[in-house]
Amino acid sequence: MGKYLNVLLLAIPFSIYFRFSGNELAMFFAACLAIVPLAGIMGEATENLACHSGERVGGLLNATFGNATELLITIFALRSGLFDVVKASIAGSILGNILLVLGLSILLGGIKNGEQSFDRVHISNQTSLMFLAIIALIIPAVFFQGGTQHVALEEFSLAVASILLVLYFAGLFFAMNRSHSGICEVQEARWSRSRSLLVLGVSTVMIALESEILVGGIEPVTEALGWSQFFIGIILIPIIGNAAEHFSAITMAIKNKMDLSFEIAIGSSTQIAMLVTPVLVFLSFGMGNHLTMMFNYYEIAAVSLAVVIAQFISLDGESNWLEGALLVAAYVIMAIAFFLL
Amino acid sequence: MGKYLNVLLLAIPFSIYFRFSGNELAMFFAACLAIVPLAGIMGEATENLACHSGERVGGLLNATFGNATELLITIFALRSGLFDVVKASIAGSILGNILLVLGLSILLGGIKNGEQSFDRVHISNQTSLMFLAIIALIIPAVFFQGGTQHVALEEFSLAVASILLVLYFAGLFFAMNRSHSGICEVQEARWSRSRSLLVLGVSTVMIALESEILVGGIEPVTEALGWSQFFIGIILIPIIGNAAEHFSAITMAIKNKMDLSFEIAIGSSTQIAMLVTPVLVFLSFGMGNHLTMMFNYYEIAAVSLAVVIAQFISLDGESNWLEGALLVAAYVIMAIAFFLL
Amino acid sequence: MGKYLNVLLLAIPFSIYFRFSGNELAMFFAACLAIVPLAGIMGEATENLACHSGERVGGLLNATFGNATELLITIFALRSGLFDVVKASIAGSILGNILLVLGLSILLGGIKNGEQSFDRVHISNQTSLMFLAIIALIIPAVFFQGGTQHVALEEFSLAVASILLVLYFAGLFFAMNRSHSGICEVQEARWSRSRSLLVLGVSTVMIALESEILVGGIEPVTEALGWSQFFIGIILIPIIGNAAEHFSAITMAIKNKMDLSFEIAIGSSTQIAMLVTPVLVFLSFGMGNHLTMMFNYYEIAAVSLAVVIAQFISLDGESNWLEGALLVAAYVIMAIAFFLL
């Protein structure tokens, strides 16, 4: 599946061409398309490198580069002061993983394999961590909603970001001591160590480049098409950034490996909440742009609903295509709402 | 139990008499009483017809006529432009099924049979569908709360109604392929096919007649007794419309068939969310009265709490009378709040 | 562990001394410290007395005196008209039990014993009762939020308090008929009946005395230190009042008796919702100060989040130190928010 995506690499020269020719709309969409295969290549390089690095370092690598694409895009958005885009894409990434990635996996896996079962206790353990992480993430918005104490909110955001980061590393420590990470079981190392490093480096640079182009196109697109920055942040950017994970999770579901499918979607959500968000908060304070953890009402509502929905699905240890269809429907309904807002 | 209810058929002539004598208060309450046994008779006719029709058509019949009474009442309310009554009775029907029907079933079943158990995985599968359906139902209100974009809300309501309807038929297709509907196991066909059809036709006409009378009495009652339209919609109409289901579910619980009891309550809630509501939305646009899916804050809060409560109850696969008492208490507390609001 | 706490009894003479010397800040903190061991002694006396009294009366004693310390503090706060402190300490007690007591138990128990398991079905049954109780508790606030109908709210608070109290006694009746309370299994009666009674009497009087001193210091502390009454009520008072339970629950967790640990935390939350709160409402109406059940937005949000979090933890029947750390982190984040608000 990944192979066919590589055709989209052709969008890279177009995005650069449109940038200099000043066609900002075409530039934006070319950059969107270009990031999809690049994120997939970066993921493959990380996995290969992880296989060469032994379990501990490999686990750490995977845990750190898992959402590198989203991190790069949001860092450029942060530098441009597009705070609403940054926060929307954090919320949208969680939404996308819980509703769209998991929903499509369950839907397509269920159509292929009928009723599918997964290890309820293990997944429930994972989801309870994810839920706590996401709840910790939205607490600032819940308590400071409508408030005007901006200084208190900034202090609070830094405190919460620190706590989340400590918990993230505690979680890594926990996972490393408990289980074999099993990275290489899924996919053998096909590339040598040096090739993996090279590919990782080049793809990171290319994603950074395309992210800058993409972010530069956000404002022109909002003006030309009438889309809101919020819609671009909460729907479009997460789909692009997570495309590679979408494909892996769906592929696993079709192969009837629902446990892996759940782990990809849930692990990615946890990482957004506990690693990407705190890093963005600290970076923003470093840059002098103060990003607070004040999500807006729509983000809070959508993420809360998604969390509740995901729990209902994972409770019984079984999934079927109808549950998948309902998850996807919830995502589509929310996406339409965000578009119309 | 049903037999004794048939005494209430005597309320039919009274409701007609009071209508022409102009006693609107008496007319309203006579119509309320009359609908209770009529809904029961219609349900019986549907079940008998379903037994004669083979599983597929029978399942479809049951799935379509299950909430016909509520649908008829709300259609007349819609025609009279009583939008608040329509929306309140959608929310109230879900509330009533989850808290009152299930609560009384668990309470009385538990007093009779001690601790009762049910198939946790099966019920959890059903409830997760119900929850997704209800959540999809309230998403419009969550996202457009306080908004003023009426056109966007209308478009959005139509989109959501379409998605819900598609999912409803997907759910029917899913259920038909998976399980024997088991309609005739619960109750044998006691009536011939033609008798069933005749009874179904007559009871439908009578319910339509009484619904019109009832809806005509809503405004006089609000003026004379000081009750709000909201209270009539969210408490009174759902109790009348669901009376027959109440009796079936409670009877099953007392016979220690908790699985059936849960299925009646949960199935009815799902149907309200995924079939009745979209049909009302489409009908309203057909009539030129535009019903949106914007529920008010109280409806959202009550339905959300009910959904969470129901999940807690169904999680452990066991029920006892104390859990039933707490469900009923939650309903009573909400009903008092709606009365005082 | 309890023994070392008894050193804090030395704070009693200091609190009295500071009271008469007019040093209100020192008086407040001395009273805080003094209450901690007194609550522990009262708990021990209750348990001893319960062992001498046979199961029924013993269970009743334990169920009634379990939160006596909080009740005494809040009664004095009520008498001084500090309604916000009373309501905050009700909410804070639930929060503290669910997040801090349970969190520390799971964290320390997990560090000592690795992954711990508990009886999922039994705990789930207990938690579902607790959740229903807490939800019933917050319904008034949900429905009358922002409302101005004060008379309706007072009537409603009395109705809800009555329903909660009836359910509390129904719950006691249920528990007595179902299980051996097992009070004396945990700890043998070490004191004679008369000694237990004497200690219970003396400790109650001393707690009342120190509660009065503590409540008298609340306003001076808010002025001198800039802390809000809300913070004192929701964080400080519950920690003091529940200190004894904290120690028992954590001790049980370290001894790998997670079921008992859960029961202490969950039982205490249920009791706050269904016994302490209604008693306070009735007492306030008796005193002519009308305490309503209108919790503020922050209390509702925090308690709702805590309930959801606790459910995620208790679902899978297993706990590990990371889950405990996340619960404690959620508490710390909320405490910081309450401090900054």
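The values are calculated or read from the model by the stated rules, or taken from the named source; none is laboratory data. This structure is a prediction, so every number in the text was calculated from the model and none was measured. Virtual Cβ from ideal backbone geometry, glycine too; neighbours counted across all protein chains shown. Areas reflect the complete protein model, heavy atoms only, side chains present, ligands, DNA and RNA absent. Shrake-Rupley method; radii C 1.70, N 1.55, O 1.52, S 1.80 Å.
B:Ser284 - would you say it is polar (S, T, N, Q), more than 12 Å from every other protein chain (Cβ to nearest Cβ) and under 16 Å from the mean Cα position of the chain (by Cα)?
Judged against the criteria, B:Ser284 is not a match.
I'm trying to understand the selection: among the residues of region B:176-191, which are open to solvent by 60 Å² or more (accessible area, probe 1.4 Å) and either at pLDDT 85 or above or in a helix (DSSP H, G or I) (or both)?
B:Asn177, B:Arg178, B:Glu185, B:Val186
Would you pick out the residues in region C:154-166 that are facing chain B (nearest Cβ under 9 Å) and modelled with pLDDT of 90 or more?
Correct list: C:Ala159, C:Val160, C:Ile163, C:Leu164, C:Val166.
Does C:Val36 satisfy the criteria of being assigned to a helix (DSSP H, G or I) and open to solvent by less than 10 Å² (accessible area, probe 1.4 Å)?
no
Tell me which residues, restricted to region B:54-93, are open to solvent by 30 Å² or more (accessible area, probe 1.4 Å) and not in a helix (DSSP H, G or I).
B:Gly66, B:Ser80, B:Gly81
Just one of the numbered conditions (1) open to solvent by less than 10 Å² (accessible area, probe 1.4 Å); (2) part of a helix (DSSP H, G or I); (3) over 30 Å from B:Ile300 (Cβ atoms) is not true of A:Leu291; which one?
Every listed condition holds for A:Leu291 apart from (2).
Being over 17 Å from A:Val202 (Cα atoms), in contact with a helix residue (DSSP H, G or I) (Cβ under 8 Å, 6 or more places away or on another chain) and open to solvent by 20 Å² or more (accessible area, probe 1.4 Å) is the requirement here; does A:Glu44 meet it?
No, not satisfied.
Could you tell me whether B:Ala243 is within 14 Å of chain C (Cβ to nearest Cβ), out of contact with any strand residue (DSSP E or B) (no Cβ under 6 Å at 6 or more places or on another chain) and touching a residue at least 24 places away in the same chain (Cβ under 8 Å)?
Criteria not met by B:Ala243.
For region B:305-316, enumerate the residues that are touching a residue at least 24 places away in the same chain (Cβ under 8 Å) and at the interface with chain C (Cβ under 7 Å from one of its Cβ atoms).
Across region B:305-316, the qualifying residues are B:Leu305, B:Ile309, B:Ile313, B:Leu315, B:Asp316.
Being closer than 19 Å to B:Ser124 by Cβ and either surrounded by 24 or more Cβ atoms within 10 Å (Cβ to Cβ) or among the small types (Gly, Ala, Ser) (or both) is the filter here; which residues of region A:120-145 pass it?
A:Ser124, A:Thr127, A:Ser128, A:Phe131
Residue by residue through region A:321-339, note down the ones that are facing chain B (nearest Cβ under 7 Å) and open to solvent by less than 40 Å² (accessible area, probe 1.4 Å).
Within region A:321-339, A:Leu322, A:Glu323, A:Ala325, A:Leu326, A:Ala329, A:Ala330, A:Ile333, A:Met334, A:Ala337 meet the criteria.
A:Val151 fails exactly one of the following numbered conditions: (1) farther than 15 Å from A:Ser268 by Cα; (2) open to solvent by less than 20 Å² (accessible area, probe 1.4 Å); (3) within 11 Å of chain C (Cβ to nearest Cβ); (4) at pLDDT below 90. What is the number of that condition?
Failing condition for A:Val151: (2).
Within the set of pairs 6 or more residues apart or between chains, which connect a residue that is under 17 Å from A:Gly96 (Cα atoms) and hydroxyl-bearing (Ser, Thr, Tyr) inside region A:272-300 to a residue that is assigned to a helix (DSSP H, G or I) and open to solvent by 10 Å² or more (accessible area, probe 1.4 Å) with Cβ atoms less than 8 Å apart?
A:Tyr298/A:Phe230
Out of curiosity, is C:Ala302 within 13 Å of chain A (Cβ to nearest Cβ), modelled with pLDDT under 85, closer than 28 Å to C:Leu165 by Cα and surrounded by 23 or more Cβ atoms within 10 Å (Cβ to Cβ)?
No.
Could you check C:Ile234 against (1) assigned to a loop (DSSP other than H, G, I, E, B); (2) within 14 Å of chain A (Cβ to nearest Cβ); (3) β-branched (Val, Ile, Thr) and say which number it fails?
Going through the list (1) assigned to a loop (DSSP other than H, G, I, E, B); (2) within 14 Å of chain A (Cβ to nearest Cβ); (3) β-branched (Val, Ile, Thr), C:Ile234 breaks only (1).
What residue, among those in region C:106-133 that are at the interface with another protein chain (Cβ under 8 Å from one of its Cβ atoms) and of a type in the set (A, V, I, L, M, F, W, C), is nearest to C:Val308 (Cα to Cα)?
C:Phe131
Only one residue in C:Val308, C:Val303, C:Val279 is more than 26 Å from C:Leu78 (Cα to Cα) and not acidic (Asp, Glu), so which one is that?
Going through C:Val308, C:Val303, C:Val279 in turn, the sole match is C:Val308.
Determine whether B:Phe282 is among the aromatic types (Phe, Trp, Tyr), part of a helix (DSSP H, G or I), at negative phi and surrounded by 24 or more Cβ atoms within 10 Å (Cβ to Cβ).
No; evaluated as a whole, the condition is false for this residue.
Output the number of the condition that C:Phe83 fails; it satisfies all remaining conditions of (1) closer than 21 Å to C:Met293 by Cα; (2) of a type outside the set (S, T, N, Q); (3) at pLDDT below 85.
Condition (3) is where C:Phe83 drops out.
Only one of these is in a helix (DSSP H, G or I) and modelled with pLDDT under 80: A:Ala136, A:Ala208, A:Ala170. Name it.
A:Ala136
Open to solvent by 50 Å² or more (accessible area, probe 1.4 Å), in contact with a Lys or Arg (Cβ under 7 Å, 6 or more places away or on another chain), in a helix (DSSP H, G or I) and more than 21 Å from C:Leu164 (Cα to Cα) - does that describe any residue in region B:241-264?
yes
If B:Glu318 meets every condition in (1) surrounded by fewer than 19 Cβ atoms within 10 Å (Cβ to Cβ); (2) touching a strand residue (DSSP E or B) at 6+ places or on another chain (Cβ under 8 Å) apart from one, which number is that one?
Just one mismatch for B:Glu318, condition (1).
Considering only region A:1-33, how many residues are farther than 12 Å from A:Met206 by Cα and open to solvent by 40 Å² or more (accessible area, probe 1.4 Å)?
The total comes to 20.
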